[in-house]
């Protein structure tokens with residue numbers, strides 16, 4: 001079982017404190033839903049954990065190891081951002097885990113360039129790719145955005161299955177969607193994380 005403890009996180013942007021004394025605990029088996037208004041700092045929190053943004057201060061332990069260097073974070077975290085993350089020349093067959101190749105959305109399109117798919121399907125491909133990576137903690141920034149209700153529902157049991165071996169933190173704006181599978185819901189408000 002992998003465990004993560006983050007505390008005393010402070011992140012300032014343009015002299016404004018966006019995240020202030022944030023505490024987060026996450027472990028294998030957790031599906032944590034992160035909610036909050038636009039601009040509250042949800043994406044920034046994920047990017048700090050992944051190492052693409054630098055916080056002014058934080059204290060992070062993973063499996064009781066203190067993580068001091070940002071370049072070590074990618075060993076523990078896999079991240080799906082809101083934007084397209086694959087180079088345009090990549091084709092579906094290059095990134096889609098084979099177990100999903102028989103889905104109707106993908107079955108006859110293995111040679112299609114990723115950028116030919118709709119924005120929502122690109123987000124889905126990215127999510128399925130990231131969930132298949134070996135890191136113990138998965139950070140998903142709005143994985144349901146642009147997906148049909150059918151595909152949203154199809155993704156839920158996959159998240160549950162992956163959470164057997166991973167801790168998953170999901171930024172989500174669709175009320176009630178994760179209520180059947182989440183282990184915890186946290187709200188980012190005024191720079192702090194609060195349980196709902």
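Taken together, the values in this text are just the output of simple stated rules run on the coordinates, not laboratory data. Not measured: the values here are computed from a predicted model. Every residue, glycine among them, receives a Cβ derived from its backbone with ideal geometry; neighbour counts consider all protein chains shown.
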Can you give me the three principal axis dimensions of region 3-64 from its C-alpha atoms, in Å, biggest first?
35, 23, 19
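Which number comes out as Rg/Rh for the chain once both Rg and the Kirkwood Rh are worked out on C-alpha atoms?
Values: Rg = 16.7 Å, Rh = 17.3 Å.
Here the Rg-to-Rh quotient is 0.96.
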Over the Cα atoms of region 101-196, what radius of gyration and what Dmax do you get, in Å?
14.5, 47
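Return the percentage of antiparallel bridges among DSSP beta bridges fully within region 3-195, rounded to the nearest 5 %. List each step's numbers first, then the result.
On the way: 21 of 38 bridges.
The antiparallel fraction comes to roughly 55 percent.
Is it possible to state the helix-based mean residue ellipticity at 222 nm for the chain, with each DSSP H run of 4+ residues giving -39500 (n - 2.57), the sum divided by total residues, to the nearest 500 deg cm²/dmol? What is it?
-6000 deg cm²/dmol
If Rh is defined by the Kirkwood formula over all Cα pairs and Rg also comes from Cα, what ratio Rg/Rh do you get for region 43-109? Don't jump to the answer; show the numbers that get you there.
Working: Rg = 16.6 Å, Rh = 14.7 Å.
Expressed as Rg/Rh, it is 1.13.
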Strictly greater than 18 Å: what percent of every Cα pair in region 87-150 meets that?
34 percent
Given N residues in region 1-114, what is its alpha carbon radius of gyration divided by 2.2 N^0.38 Å?
1.32
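Which order do the peptides 156-166, 116-126 come out in when sorted by mean C-beta neighbours inside 10 angstrom, highest first?
On the way: 156-166: 15.2, 116-126: 18.9.
Descending packing order for the listed peptides: 116-126, 156-166.
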Run the numbers on the chain and let me know its relative contact order in percent, using alpha-carbon pairs under 8 Å that are six or more apart.
33 percent
